[in-house]
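Novice: Have a look at the structure that comes next, please.
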Amino acid sequence: MKENLIDIEPEELVKGEKKLPPEDLARDLVPSDDLILRTELDEFDFKNPPVSPEYIAHVLAHSIIRYNGLGLACNQIGLPYRAFIVTGNPMLCMFNPRIVGESEEEVYLEEGCLTFPDLFIKIKRPEVVRVRFTMPNGQVDTRNFQGITARCIQHELDHLNGILFMDLATEYHLEQAKNKRKKIRRRNAK
Ligand SMILES: [Zn+2]
């Protein structure tokens, strides 16, 4: 099966587009109070794409590398497209992702978010998810994910629905994370 690999030259992927210098593709994160982070993004229309999905994949890839993140959703960098990227080997860029199955077992894991630096919140979610998504080349795929990848996918999918991770945290865990953030920042300030 053809992977939605993005570790090849952008010129090869961005078919029909003019060549783009790779170093120009990364975009800045929007501020954490930007309303686009609270917006439920519309399905990406592959029949009539507003912009090349391969191009979006590259923008996400360059941006996540710049910020050294595990996952990044389009709205975090100000793009109103229903797509995100998660790191791994290869990176996976998913359009219109849908969770079509999940394990009964839920686990607590500490999550971070590029939009909220130094905030690591314990959140409970299913350990395994089955996800249907469209790859940048338009092919639809369904796969199971577990561990940190499953966690990232659930976090990023929430972004596409305008949901932020603190929405899901207990008051106690959010408080705990904020205290820890203070300590981290105090330590970094020294
Ligand atoms: Zn996030």
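No lab work stands behind these numbers, since they all come straight from the coordinates. For clarity, every value in this text was computed on a predicted model and none was experimentally measured. Virtual Cβ from ideal backbone geometry, glycine too; neighbours counted across all protein chains shown.
Novice: Residues of segment 132-153 being closer than 18 Å to Y81 by Cα, under 17 Å from the mean Cα position of the chain (by Cα) and aliphatic (A, V, I, L, M), which ones?
Specialist: Residues satisfying the conditions are M135, I153.
Novice: Just to verify a result, which residue in segment 65-75, among those that are surrounded by fewer than 24 Cβ atoms within 10 Å (Cβ to Cβ) and within 13 Å of the ligand (Cβ to nearest atom), is farthest from A26 (Cα to Cα)?
Specialist: The qualifying residue farthest from A26 (Cα to Cα) is L70.
Novice: Another question, then. Only residues in segment 38-60 that are over 17 Å from L92 (Cβ atoms) count as the first member; pair them with residues that are assigned to a helix (DSSP H, G or I), Cβ under 6 angstrom, at least 6 apart or cross-chain, and list the lot.
Specialist: Every condition considered, the pairs that remain are L41/L160.
Novice: Next up: Can you tell me which residues in segment 141-173 are among the hydrophobic types (A, V, I, L, M, F, W, C) and touching a Lys or Arg at 6+ places or on another chain (Cβ under 9 Å)?
Specialist: F145, A150, L157, L160, I163, L164, L168, A169
Novice: Of all residues in segment 94-150, count the ones that are of a type in the set (S, T, Y) and either within 16 Å of the ligand (Cβ to nearest atom) or exposed (fewer than 15 other Cβ atoms within 10 Å of the Cβ) (or both). Explain how you work it out, then say what you get.
Specialist: Start the filter on segment 94-150 by keeping residues that are of a type in the set (S, T, Y), which leaves 103, 108, 115, 134, 142, 149.
Pick out the ones that are also either within 16 Å of the ligand (Cβ to nearest atom) or exposed (fewer than 15 other Cβ atoms within 10 Å of the Cβ) (or both) and you get 108, 115, 142, 149.
Number of matching residues: 4.
Novice: Still on this structure, I have one more. Take S103 and decide whether it is of a type in the set (S, T, Y) and either in contact with a Gly (Cβ under 9 Å, 6 or more places away or on another chain) or on the phi > 0 side of the Ramachandran plot (or both).
Specialist: So S103 fails the test.
Novice: Residues that are away from the ligand (no atom under 12 Å from the Cβ), in contact (Cβ under 8 Å) with a residue 40 or more places away in the chain and in a strand (DSSP E or B): does segment 172-183 have at least one?
Specialist: No, there is no match, as no residue in segment 172-183 is away from the ligand (no atom under 12 Å from the Cβ), in contact (Cβ under 8 Å) with a residue 40 or more places away in the chain and in a strand (DSSP E or B).
Novice: I need the full set of residues from segment 38-64 which are away from the ligand (no atom under 16 Å from the Cβ), in a loop (DSSP other than H, G, I, E, B) and not hydrophobic (A, V, I, L, M, F, W, C), in order please.
Specialist: Answer for segment 38-64, where residues must be away from the ligand (no atom under 16 Å from the Cβ), in a loop (DSSP other than H, G, I, E, B) and not hydrophobic (A, V, I, L, M, F, W, C): D42, E43, D45, K47, N48, P49, P50, S52.
Novice: Can I ask one more? Does I153 satisfy the condition of being farther than 16 Å from V100 by Cβ and within 12 Å of the ligand (Cβ to nearest atom)? Reasoning before the result, please.
Specialist: On the way: farther than 16 Å from V100 by Cβ: no; within 12 Å of the ligand (Cβ to nearest atom): yes.
Answer is no for this residue.
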